[in-house]
Structure formats: C-alpha cells, structure tokens
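First up is the structure itself, then whatever we jot down about it.
What follows is calculated from the coordinates using simple rules that are stated; it is not laboratory data. Model, not experiment: these values are computed from the prediction. A quick note on method: Cβ atoms are made from the backbone with ideal geometry, for glycine too, and the neighbour counts reach across all protein chains shown.
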Amino acid sequence: MEKPRIGVYVCWCGTNIAKMVDVEAVAEEIKNVPNVVVSRNYKYMCSDPGQDMIINDIKEFKLNRIVVSACSPRIHEITFRKTLKKAELNPYLFQMANIREHDSWVHTDRAEATKKAKALVTAAINRINYHEPLKELSVDINPATLIIGGGISGITAALEIADADKKVYMIEKSNKLGGYTADIDLTYPHLSSVQQMLGPMIERMKKNKNIDLFLETEIKEITGYIGNFETIITPKNDNETKLSFGNIVVSIGLRSWDPSPLENYGYGKFPDVITSVEFEKMLLSGNIAKKDGSIPKNIAIIHCVGSRNKNYHEYCSRTCCTVALKYANQLRSAFPNASIYELFADMRTMSKGCEELYTITSRKKVVFMMFDQENDLPGIRKANINDNCEMIIELNEKRSRKFVEVPADMVILMVAMEGREMVKEVAQITGVSLDGNKLFIEKHPKLDPVATTTSGVYTVGSCQGPKSIPDSVSQARAAVARILGTIARGTAQVAGTTAHININICCGCQMCISVCPYSAISFDAEKNVSVINEILCQGCGTCVALCRPNAIDIWGCSNRQMTAELTALLLSD
Amino acid sequence: MIERVDATLVNEIEKFGKGGWNDCFHCGKCTAICPLTEQEFLFPRKSYNDIQMGLKDTLVSSFEPWLCYYCGDCSKKCPRNANPGETMMILRRYLISVYDWTGLAGLFYSSLPALIFALILVAISIIGIGFIKQFNTESIMDFGHHFEKFAILGVASLILFPNIIRMFWYTVIKGKIKAPFYAYIKGIWDLILHMFTQKNTLKCEDNTFRWFEHFIIVIGYLLLLFTTIFLNWFSTENAFIIWLGYIVAGVIFIFTFDFVLGRIKKNKEINKFSHPTDWMFVIWLFLLALTAFIVRVFIDTDLINNNLWLYIVHLIILAQWAILIVPFGKWTHFLYRSFAIYFAQIKKSALIKNIAAN
Amino acid sequence: MSDFQPKIVAFVCTWCTYAGADLAGTSRIKYEPNVKIIRFPCTGRIDYMFLIKAFANGADGVIVSGCHPNDCHYVSGNFHARRRWIVFRELVDFLGMDVNRLCFSWVSAAEGAQWAKIVNSFTEEIRQLGPYKAYMELVKKDKNESVF
C-alpha cells in the first residue's frame, strides 16, 4: 500500500464552529501528526470554493487521504465523497470529524472545546491511515413500487407512478381508498369540494392496469434492500401473494386524537361536544344539528385540543387553525344569525391564502378569543335553564385578562393529529426510525424531506408530520420523482461497506450465519467456510463482533481502523 | 358575577356607525402610539376587545371612549385599517345612548328618518307658535327670548342632569369604584377646567390648531348664549353689546364654516368619516350663528318687521339646536367627557390606593 | 477530585445514538466535554475488546449506546449487543475491574436531551470515582502487559 498522504481541512462553518473552537490552532497543531501533508482551515468547506480547495490540493500535493473536520457526517459525508470522486480519488479514502454537533454547539468552554476538537481530528487522521479504497456495488432496480396507505398522498404517488407505466402495489388497511381526506367536505382556503377532487382519482386508481389494489390488507414483513424488496401478503378472501418491488412509499397518515383525557372539555360527557372529524362528517352529510336534531344558536370552536400541549402532543398539528376558520365560514353560510366563537391559543394560518381566510372570517362577525394553552385551558359545564343555551364555557380570556362565560349549544374540538396505532410496526417493517412524537424521521429535515435513512424507502404525507392536502400531494410527487429516477437509471449504488471473511482463518462454526439478519451469509460445505453475499450484506457488523477466530472484518469500519481511532482519541487527549 | 360573552352586541353597536372591529386582530399598535392612553386606561385596543367579545357591562362602565380626542393617529397606523379612531367615536355615540334616559339619543343616532321627522316637528311647532302669535314681530321675538332661557333650564335639569346621574350609576357604581368622598371634592376643579378648556386635546400631536378652533367656538358659543339671553342682544341699544354679539356670531360661523369645509375635503383623518349627526352639529351651529348675525343686521337696518320669516327661520334653527342637538347629540361630548375624566381620575387614584394597600 | 476531567469514550451506533447526539447539537443542548464519540454502524458491530482497549489506553469510563429494543436499523443488532454486554459485564467483574466505569444505554435519534443527560450524569459519576489507576496496576501485575 502506498504511503498515506493526508490532507486535513478544518471548517469554521461561519461562526458555528469558529466561535467555540479555535479552528486555526487546531489546523496548526495537527500539522505535526504523522502523514499529514496539508492542513488548512476555511470558512465553509462544503461550499464550492471549499470543495475546490480539496480537489486542487489532491492534485497539487498528490494527497491520497482526506479528513474534513466539520459538521456531522450524517449531513455532508456524501458531499465530500463526491468531491473525492471528482478528484479521481476513491470516495472511501475519506473521514469526517464532527466538531460542530458534537463539540462547538454543545460546549461552553472554548479551551475545552478546542482540546476536544483536536482529539477528534487526530483520531480521524490516525484512523484514515488504514482506510482502503472500496468499490461501490451496483444493484438492479425492480421497477415495481409498494405503497403502504391509500390516503391522498398514497393515491397521488400511485397514480403518478402508474401514469409512468410502472407497476404499483397499493396496500390499504381499511376497506376504502381516500383515508381521512375522504371524510372532508370542503378544502381550505378556497372552500372547494374534496369529493369532486378525490372521486375521479379513486376511479382512476381502480381502472389503472398498473395498479394492484389490496384493500383490507396488512403487511407483516418486508425483506430485501433497495431495488429488491419482497413481501408476502394475505389479501382478504384471497391466497397468499408474494410481491417483489424496488421501492417503498410509506403514506399511512395520521389519525385524529380522542380528546376524552382532557376532561375539562367534557368530550363523551356532553352530547354536543364533538371533534373536528365528527363535525366534518356532519358537514359532508349536509345536516348541521345538535344531537337532539335542533339547530345550534351558539357554536364554539376550540383550537389546539391535544396539540401544543406537553401532556399530549407537543407539536402543532398545523392544519387545525385554518380548518377551524373554514368551519366558521361554513357555519356562517348555514346560520347567518348564529353566534360563532373561536377559542384559540395562537392563530397559526400558514400557507398561501390562509391568512386571507382569517381576514375574511374575522369580518363575518366571528368572535375570536384567546386562551392560555399552557396554564389555563377553558372548561365546559352544563348551563342552567335560564341561561338560554346548552353549555357554558368558562374561559380566562388571555387578551383582556378577564374571566368570561361563553354560551354554547355545540362545541367543536379541533383535535390533534397523532401517529396511527400500527405506526411502530410499519416503522419496524420498513426500517425507518420514528421520532419521539411517533412521526417518521426524514433523511434530512431540509434537503431530503421525503427520503429516509433506509435506501429505497420514502415517507410522504402526514405520517412524516401533520400536513395539509397540497403539502401531502407535493411530498408524494417529490418521492415519485425520486423513485422514477432510480427506475430510469435501472441500478442503484450500494455502499461497499460490507463484511468479508478471511477463509484462511474461518473455522466453519457458522455462528455468523445464525446472527445475520439479511441471510447474507451461506456455508460452503466443500471448503468448510462461511461465504458472504456482498449485495445482501448491509454492513451492520454483527457477525464481525461475533466471529470467534476473528475471521470476519468489515470494509470501512475495520478493527484496525477502529483501534487506531480509539487509541488516538485517548492518547491525544 | 362572571361576565357573559355575547356575539350579538356588535349588531347593536353597528347602529351607531360602521367601525372596523371585525378587522382588528389585536396587534396593539393603536394603543402603543396613542398619546393619551395610560397604564390604567389602555385604549383603543381594549375597547375593541370589549366590542368583539360583546362585554356589555364592561363597555358601559368604561371611560376609555371619552378619554380619546380623536387625533386619528391610530387609524393612520392601523395595519388592518380597522379605524380605531372612528370606533372610539362610535362608542361615544353608543354610550350617549346608554346614558340617555329618554331613549331619544339612541333613536336619533341610529335612525336618520326619525331625526328628520323630529326636526320637521320642531319646525312646524315654531311656525305654529308664530301663527298663534299672529306673526307679530315683537311678541314672537319676546317668545324667542324666553324660549331660550326655558330651553336651557329645561334641557339641563330634565335631560342632562339625570343623564349625568345615570352615567355615574353605570360607570362608578356598577363599575365598583370605591373611592373616598374627598376624592370627589378634590377633582372638581379639574372637572371645571376640562369642561371649559378640554385641554387634553393638546396632548395629541399636531392638534394645537384644532384645539384652538374648538376653544374659540366654545367660548364664542357661550358668549353668544350670554349676549342673547342675559344681555338681550336682539333688543339692546348698547353699542358694546351689539358689537360683541356681532363679533362672537361672526367668529362662530367663520370657524364652523372651516369645519364644514374640512369634512367636505376629508383631508384629515378625523374628517374621513362623517355620521349624519356630525354634519348636523357643524351645520346647525354655523346656521345658528349666521342667522343670528343676519337677524341683528336686519334689526339694525330696520328691515326685520318686513322680513319676520328670517327671525322665524333663526328661531326654528335655535329650537332644533336646543331641543334636539344639544341634549341628544355631539354637544353633550363636552359634558360627558369632562365627567368621564373626573370619574376616571377618581378610579385611577382608587386603583393606585388599592395597589399600595396590597 | 471535583476538578478532575475524566476521559470517557462512547461507542455508539450511527442510526440512533449518533443521530441523537447530533440532535443534542442542533438543539444546542449543553453538556460536559469529556465524552468523545466513536461511530459504529450498529451496536452489534461493537467488539467488546474495544472497551478493554479503551481502558488500556487510559479511558476512565466507557459508554455503549444504541437504538432502543425493536428499533434497530439492522433489525436485531442491538439485541446481540445486549446479550454480549451481559456476558462482558460479568467477565469484567470477574477480572476485578470496576463495572461502575461501564455504562450501557438506549438513546434514539429523537432523544438529544436524553443523550446530554447521560453524558452529564456519567461524567459526574466517573469524576467521583477518580482516575482509573486500578486498571493500570492490574496490567502491571501481568508482566506480559496485556490482558487480552
């Protein structure tokens, strides 16, 4: 192996790193580490000039190893690997030291943070001595796509893919398509009919030959990897079917929260306290009435029920404020003389046309009152006979700082959206992580919001975070663009970071075969050794740690590399 | 008793003018820039809240509308064009109707036909009296002179005084202001001072000329009353009194003419919106002074006997002014405003005392 | 002893705890600078010999952290890590090493605050225990200078 010639680049990340870490001192000091040829610091390594600097240095100084000390490798490892490729250097001869997320952003003492940065960079340099050029493996892409969940996002994705003449398998748990969208009367902010929009889409779904629809079907397990996934499903009244597909779209949406735990709202106790979902169905049926059939004179709409509340869901459910405004508009058209009250915590009408809807609504004699979501929620009690209404809402109005009573005959609770009951199973089956709120984690929150950390699996729509119809549809189309891109290419590159067996050491105990979750290891009885299928291997390394004679190692995370990193980390400290 | 929210109250207030309360989303800019708002009396935003939520008791017991002098800065700066200045004006009309025991103020403010009907009724009555007096110049002018005295006395004792008591009831008693008796004594000087000078207007920016005009009109108006009633301007021979009358009447119609022009031009924020009663107030005051001026000119030129109709026109305007506009219209502002400032000061000292006690 | 700055190494998986530590960073949660992270694809990859090597190179404490049970990106790597951990811990105890210098935890990609909490509390524990001199003495006894 040629002698390592290492280039080290310490990034300032503007002031993000430079503020807490003396980047110049770090770059200066590591010049003395063996094999370091070039050591530089620069404002933004990920910028074009930053990357060009690396490319030029590789050519000028004949560098064969690159260490970038910057943000998390989860953000820019791919960026710099591409830079190495451009400079005709194997992209795996690269290592990142994370001195932003794991250092400058979390520490307050500049001297300590600088010391830690030096240790992290030195460890990365020491480790990269043992990096080897790896080849990326190419896998064929099965052009079929599996879509889990037949709401508006799933339907959009299915139709887009099917229109491109590619196969779609649509798995839907319930007995109909449309999800929650199918229960919506009008959209906001334009108040146009959802049914007119969704109906033709569902018809197209049913008629399209490229779409195989499996209603009342659930998925138990998915095996394989990007381009080559497989599953066995048991559709209702049908035999077991084996499906093969190259990509997966998860669009299971969210469900509405049951507000019973918030006892102050008396859901379940008072017949005319209903959830937004129930009211939407009422609107769809065209008959807005109390449980006893009479027409409500005073209608109160309570926002943020279970959303933005530490005890239930800390996040904002995003659509409810504007939906509540839509309700006020629909109620005003239905009952020109009714008293309509909106009890809100904060009015959040983002998206195009929604703030305008708020303005329009406020001019329709809708009374807006604010409550303290954190400390003082409104409470509902039954009214007396001479109160001339069904219920009284006791409210500590935040703007006027006054305790007031709001008369109500019907109360609509704008309930939160939360993860579906089967979300954990779906997450496990598809290998996508969930965050603390049971929402799917995207690959990158800003730059890659539909992909996940598992190649070939995309999450779209509300299951990735509460969303409006246009946002869900945009995500579905974004995912489809990605999928069709991979299908068009026909192959996908998978990382070369796989395990490999030294057959001279392997004793044939076959322990590795029993732990491999991908069945990537088989036994060669003739030679009495285990053999690894590089395509199937995902590089988890469980077999490496387990191998008793130390016959298995893993590319990109070898024992030598890790030992070098570990010792340098401790000794340089 | 916890106050009940009422979405229908706006329908009632709407009768007194179109305010932008549905547009307000409580950014608070109006209160922030208002030169008159203070810690204890935050307006106009607070009043918006009371209107929107329909808190009738709070609204009726509030002084805030009276503390506003309508400089219009808030309306200029409002990001939603909710017109806070005009809303405070509308609230003043509403409050006048609440204080007024006869209910006529509310009727005249909310119904232009009713107001016109009342004006016609007064005019017919005056013509009727002229008819009874057989259109004799001397006896009609004598009647006119006595009418003025009785009208002032009657309006003050039968309408304005009871209404002030009602204001006291709604604001101080129902508003639960607990202040010692001496606080009421202490504030009397301020009450009189504010009543005649309305000096708070000066706290508004660039409002000095407007205040000056108002001040001159008030002084002129009071002097005109004094010269006609007590110095008997129309029948005096004293050259000083005659000239005094001419000057004050002239001053009034010149200045009111400027007001009318302002409302026509609408170049200032306060002039942008004119309720029929706003027009009526300036026009009637203008006509009152103008006709008085011309009547005296006709007396001095001995033309009055042949032109009695002129005096009857003046008397009709005077009667409409005294019976309809003074007790039920904008004229009462100067009275309610000064009392509101007086009560508000008492409330403020009670609040401060309360805070100190706790 | 309170101003003693212990050296601690954390062996974490890239999918959960490394991402969780990234989240602690993006959330700007402040914690002690003593813990330095080494990234592995999965806790199942972590050969516990690395832990011994860490002590041999002067670490005062070691953290192993990965995905919560059932959340493993590679399906079952964390279960293997857990099983191995139990055996390893007993072995360490048997050898006369201090098990209090080992910390095993689950930190998901969403638990940035939890990561900071673990770092702070474990740093404090090790700070109380002081430098791990006993291990070096153990090494010296063995003339071959290696326990593995």
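Tabulated values for the structure
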{"quantity": "Theoretical FRET efficiency, 1/(1+(r/R0)^6), r = Cβ-Cβ of A:K86 and A:K446, R0 25 Å, to 0.05", "calculated": "0.55"}
{"quantity": "Estimated FRET transfer efficiency (A:K382, B:I264; beta-carbon r; R0 51 Å; 0.05)", "calculated": "0.35"}
{"quantity": "Shape call, chain A: gyration tensor on alpha carbons, a/c limit 1.5", "calculated": "prolate"}
{"quantity": "Euclidean distance of C-alpha centroids, segment B:258-273 and segment A:150-229, integer Å", "calculated": "63"}
{"quantity": "Cα gyration tensor category, rounded, prolate or oblate, for segment A:256-417 with a/c compared to 1.5", "calculated": "rounded"}
{"quantity": "Estimated translational D of chain B in µm²/s (Stokes, Kirkwood radius over Cα pairs; 10 °C; 1.306 mPa s)", "calculated": "73"}
{"quantity": "Which of A:V426, A:V480 has the fewest Cβ neighbours within 10 Å, and the rest in rising order", "calculated": "A:V426, A:V480"}
{"quantity": "Filter on A:K242/A:K467; A:K446/C:K117; A:K402/B:K178 - keep pairs with C-alpha separation over 29 Å", "calculated": "A:K242/A:K467"}
{"quantity": "Environment charge of A:S317, counting only residues whose C-beta is closer than 9 Å and scoring Lys/Arg +1, Asp/Glu -1", "calculated": "+1"}
{"quantity": "For the protein assembly as shown, with +1 on Lys and Arg beta carbons and -1 on Asp and Glu, the positive-most of A:C507, C:V75, A:M45 along the dipole", "calculated": "A:M45"}
{"quantity": "Cα pair distances of segment A:428-573 binned at 10 Å [whole percent]", "calculated": "10, 28, 24, 23, 12, 2"}
{"quantity": "Trypsin sites (Lys or Arg not before Pro) restricted to DSSP loop in segment A:245-348 with at most 10 other C-beta within 10 Å", "calculated": "A:K310"}
{"quantity": "Principal semi-axes in Å for segment C:34-97 [√(5λ), Cα gyration tensor, largest first]", "calculated": "22, 15, 9"}
{"quantity": "Spin-label pair A:K242/A:V531, simplified geometry with 7 Å Cα→Cβ offset, distance in nm", "calculated": "2.1"}
{"quantity": "Cross-link table A:K269/A:K438; A:K207/A:K352; A:K3/A:K527; B:K176/B:K203; C:K7/C:K30, entries beyond 24 Å C-alpha to C-alpha", "calculated": "A:K269/A:K438; A:K207/A:K352; A:K3/A:K527; B:K176/B:K203"}
{"quantity": "Dipole moment magnitude, nearest 20 debye, chain A about Cα centre, only Lys, Arg, Asp, Glu C-beta charged", "calculated": "840"}
{"quantity": "Long-range amide H partners of A:K402 with built H, under 5 Å", "calculated": "A:E397"}
{"quantity": "Size of electric dipole in the protein assembly as shown: Cβ of Lys, Arg +1 and of Asp, Glu -1, about Cα centre, debye, nearest 20", "calculated": "740"}
{"quantity": "Kirkwood Rh and Cα Rg combined as Rg/Rh, segment A:6-133", "calculated": "0.94"}
{"quantity": "A:S514 versus B:I219: modelled label distance in nm, points set 7 Å from Cα along the beta carbon direction", "calculated": "11.0"}
{"quantity": "Vicinal HN-Hα couplings computed from phi for segment C:63-78 (Karplus, 6.51 cos²θ - 1.76 cosθ + 1.60; Hz; Gly/Pro x)", "calculated": "10, 10, 8, x, 6, 5, x, 6, 9, 5, 4, 9, 6, 9, x, 5"}
{"quantity": "Sequence-distant residues sharing a close amide H with A:S138 (under 5 Å, placed H)", "calculated": "A:V494"}
{"quantity": "Charge sum, other residues only, whose C-beta stays under 9 Å from C:F104's C-beta, Lys/Arg counted +1 and Asp/Glu -1", "calculated": "+2"}
{"quantity": "In segment A:489-573, the GluC sites (Glu not before Pro) that fall in loop regions by DSSP, at most 10 other Cβ within 10 Å", "calculated": "A:E526"}
{"quantity": "C-alpha long axis of helix A:469-489 to longest principal axis of chain A, angle in °", "calculated": "30"}
{"quantity": "Amide hydrogen neighbours beyond the local backbone of B:E3, cut-off 5 Å, H modeled", "calculated": "A:E405"}
{"quantity": "Cross-link pairs A:K43/C:K53; A:K135/A:K166; B:K56/B:K199; A:K290/B:K18 - those with Cα-Cα distance over 32 Å", "calculated": "A:K43/C:K53; A:K290/B:K18"}
{"quantity": "Whole-Å semi-axes of the ellipsoid equivalent to segment A:495-555 (Cα gyration tensor, √5λ, descending)", "calculated": "16, 12, 10"}
{"quantity": "Crossing angle, helix A:559-571 versus chain A [Cα axis fit, 0-90 degrees, rounded to tens]", "calculated": "80"}
{"quantity": "Shielding of A:541-549 by partner chains, average beta-carbon count, 10 Å", "calculated": "6"}
{"quantity": "Residue exposure sequence - A:H190, B:H314, A:H444 - by fewest surrounding Cβ within 10 Å", "calculated": "A:H190, A:H444, B:H314"}
{"quantity": "Gyration tensor verdict on the protein assembly as shown (Cα atoms; rounded if a/c is under 1.5, prolate if a/b is larger than b/c, oblate otherwise)", "calculated": "prolate"}
{"quantity": "Relative compactness, segment C:13-148, computed as alpha-carbon Rg over 2.2 N^0.38 Å", "calculated": "1.08"}
{"quantity": "Cα centre as origin, Lys/Arg/Asp/Glu Cβ charges: segment A:1-108 dipole, Debye", "calculated": "340"}
{"quantity": "Selected from A:V406, A:I393, A:T359, residue furthest toward positive end of dipole (segment A:256-417; charges at beta carbon)", "calculated": "A:T359"}
{"quantity": "Degrees, to the nearest 10: A:48-61 long Cα axis against longest axis of chain A", "calculated": "10"}
{"quantity": "Karplus-derived HN-Hα couplings along segment B:82-95 (A = 6.51, B = -1.76, C = 1.60, θ = phi - 60°), whole Hz, x at Gly and Pro", "calculated": "8, 6, x, x, 5, 4, 5, 4, 4, 5, 4, 4, 4, 5"}
{"quantity": "In sequence order, calculated HN-Hα J values of segment B:215-225 (Karplus, 6.51, -1.76, 1.60; Hz; x Gly/Pro)", "calculated": "4, 4, 5, 4, 4, x, 4, 5, 5, 4, 4"}
{"quantity": "Positive-end residue of B:S61, A:N264, A:I161, charge dipole of the protein assembly as shown with Cβ unit charges", "calculated": "B:S61"}
{"quantity": "Whole-Å distance, taken between Cα centres, linking segment A:511-551 and segment B:280-301", "calculated": "113"}
{"quantity": "Whole-Å distance, taken between Cα centres, linking segment A:305-379 and segment B:307-358", "calculated": "42"}
{"quantity": "D (Stokes-Einstein, µm²/s), Kirkwood Cα radius, segment B:9-124, 0.890 mPa s at 25 °C", "calculated": "166"}
{"quantity": "Low-density loop cleavage sites - trypsin sites (Lys or Arg not before Pro) in segment A:373-409, where at most 11 other Cβ are within 10 Å (DSSP)", "calculated": "A:R401"}
